[in-house]
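A.B. asks: Dropping the structure in here first, questions after.
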Amino acid sequence: MASDYLESSQNDAEEIAKTLQQVDMLLGSEKLNQLYEGAAELRKNVRKMLVNIRTDLETLNNLEKEDPFKNDPSLANQRYKLIQKIETTKIDFEFEIVPALEKLTRQVVEKSKQDPPEQLDEKTLPPPPPGERWTVQKVLDTASQFVEQAARAGAIFTKAYTLAKALGLVLGVPIP
């Protein structure tokens with residue numbers, strides 16, 4: 001039972017790390033820094049969290065290799081502390097990073113609607129829906145739909161990923 005929880009916790013942490021990496025890439029966008037002055041502070045927090053979660057995951061993976069049967073009592077406390085740090089990072093992600101990302105994304109989408117760009121660089125956008133072409137209005141409408149989908153998302157990873165897709169669409173930074 002405990003190993004199932006540990007595996008689930010590690011999988012969640014790996015998803016958070018992937019999402020943080022995507023968000024970091026978006027926050028590094030020159031265009032975003034022109035649209036939103038709080039991007040640098042959010043990026044600093046995202047990077048700290050990304051370093052912490054990657055380090056903790058790597059250390060935990062090394063610990064698992066060293067004690068695959070989890071029967072070495074001298075490593076139990078270290079394992080417990082790592083799991084606790086990973087769980088704390090997950091909570092911080094949910095209650096600090098995702099709300100800040102949502103606020104930023106909403107502001108960027110709204111500002112882009114008020115002052116839409118003249119043209120699009122279609123090379124930086126994902127493929128358009130079948131049978132359609134990207135227009136400025138279509139990009140902004142799709143980004144707004146992503147923001148609304150994120151608001152209804154149940155899983156925090158889904159919410160963060162959908163917000164990243166919306167932000168990436170407006171900024172012209174593709175998110176896989």
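The values are calculated or read from the model by the stated rules, or taken from the named source; none is laboratory data. Please read all numbers here as calculations on a predicted model, not as lab measurements. Cβ: placed from backbone, ideal geometry, glycine included. Neighbour counts: every protein chain shown.
A.B. asks: When you scan the stretch 1-28, how many residues do you find that are of a type outside the set (K, R) and within 15 Å of the chain's Cα centre (by Cα)?
C.D. replies: 17
A.B. asks: Within the stretch 124-149, which residues are without any contact (Cβ under 8 Å) to a residue 40 or more places away in the chain and not in a helix (DSSP H, G or I)?
C.D. replies: P127, P128, P129, P130, G131, E132, R133, W134, T135
To keep it simple, each residue is scored yes or no on (1) at pLDDT 95 or above; (2) closer than 23 Å to G28 by Cβ; (3) among the aromatic types (F, W, Y).
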site	(1), (2), (3)
E118	no, no, no
T124	no, yes, no
P129	no, no, no
T135	no, no, no
A143	yes, yes, no
Q149	yes, no, no
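A.B. asks: Would you confirm, using the coordinates I've provided, whether E96 is under 14 Å from the mean Cα position of the chain (by Cα) and either of a type in the set (D, E) or farther than 20 Å from M25 by Cβ (or both)?
C.D. replies: yes
A.B. asks: Hey, among T55, T59, which residue is free of Cβ contacts under 8 Å to residues at least 24 places away in the same chain, farther than 30 Å from D141 by Cβ and touching a helix residue (DSSP H, G or I) at 6+ places or on another chain (Cβ under 7 Å)?
C.D. replies: Only one candidate passes the filter, namely T59.
A.B. asks: Something else now. Just checking, how many residues over the stretch 91-123 are touching a residue at least 24 places away in the same chain (Cβ under 8 Å), among the acidic types (D, E) and under 22 Å from Q137 (Cα atoms)?
C.D. replies: Residues that pass the stated criteria total 2.
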